[in-house]
Amino acid sequence: TGNYLASTSLDNTVRLWDLRPYCRLSNRCERVYTGAPHGYEMNLVRPAFDKDESMVASGGADRTLTIWNLRSGEVKYKLPGHKGCVTQVDFHPKEPIVLSGSVDKAMFLGEL
């Protein structure tokens, strides 16, 4: 998004960072999401925001795609199916559909 950045970390968290010039938080970390373990493979995992910026999603070493409510931090969906670490996630720009890619070389579409 224009004002926020989501990052994954080896401490098994996804963090939401406030990029606005006059952020009220000294460390700029707006929220910490848990539930998507990173694992020992140390793969690069790319999180994504939905079109309304109401959800953030990330893959994990547990072979699932996790989607959180952006503001509350509540896990909305935990989608299984891959046979390896989920490294790529993206939302469809108009429909309630999410795409995930994994080290198992498979891509899955999920309807939310």
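In whole percent, and with a 1.4 Å probe on the protein chains, what portion of the accessible area of the chain is carbon and sulfur?
Working: 3480 of 6650 Å².
The computed percentage sits at 52.
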- [ ] Given the options Arg28, Arg46, Arg20, state which has the largest fluctuation in a GNM of the chain using a 10 Å cut-off (strictly under) for Cα springs.
- [x] Arg20
Open item on the list: Placing unit charges on C-beta atoms (Lys and Arg positive, Asp and Glu negative, everything else neutral), compute the dipole magnitude of the range 1-72 about its Cα centre in debye, rounded to 20.
Closed with: 200 debye
- [ ] Select from Ala36, Leu79, Met107 the residue farthest towards the positive end of the dipole of the chain; place +1 on Cβ of Lys and Arg, -1 on Cβ of Asp and Glu, and compute about the Cα centre.
- [x] Ala36
- [ ] Springs between alpha-carbon atoms under 10 Å, Gaussian network over the chain: tell me which of His82, His92, His38 tops the mean-square fluctuations.
- [x] His92
TODO: Can you work out the accessible area per residue across the chain, with the rest of the protein chains kept in place, probe 1.4 Å, in square angstrom?
DONE: 59 Å²
Task: Listed residues Glu41, Glu74 arranged by accessible area, highest first, probe 1.4 Å - done: Glu74, Glu41
Task: Span per principal axis, largest first, for the Cα atoms of the chain (Å) - done: 42, 34, 20
TODO: Rank these residues by their accessible area, most exposed first, probe 1.4 Å: Glu95, Glu30, Glu111.
DONE: Glu111, Glu95, Glu30
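The values are calculated or read from the model by the stated rules, or taken from the named source; none is laboratory data. In this text the structure is predicted, and so the values were computed from the model without any measurement. With ideal geometry, Cβ positions are generated from the backbone for all residues, glycine too; neighbour counts draw on all protein chains shown. Note: areas computed on protein heavy atoms with side chains; ligands, DNA, RNA excluded. Shrake-Rupley method; radii C 1.70, N 1.55, O 1.52, S 1.80 Å.
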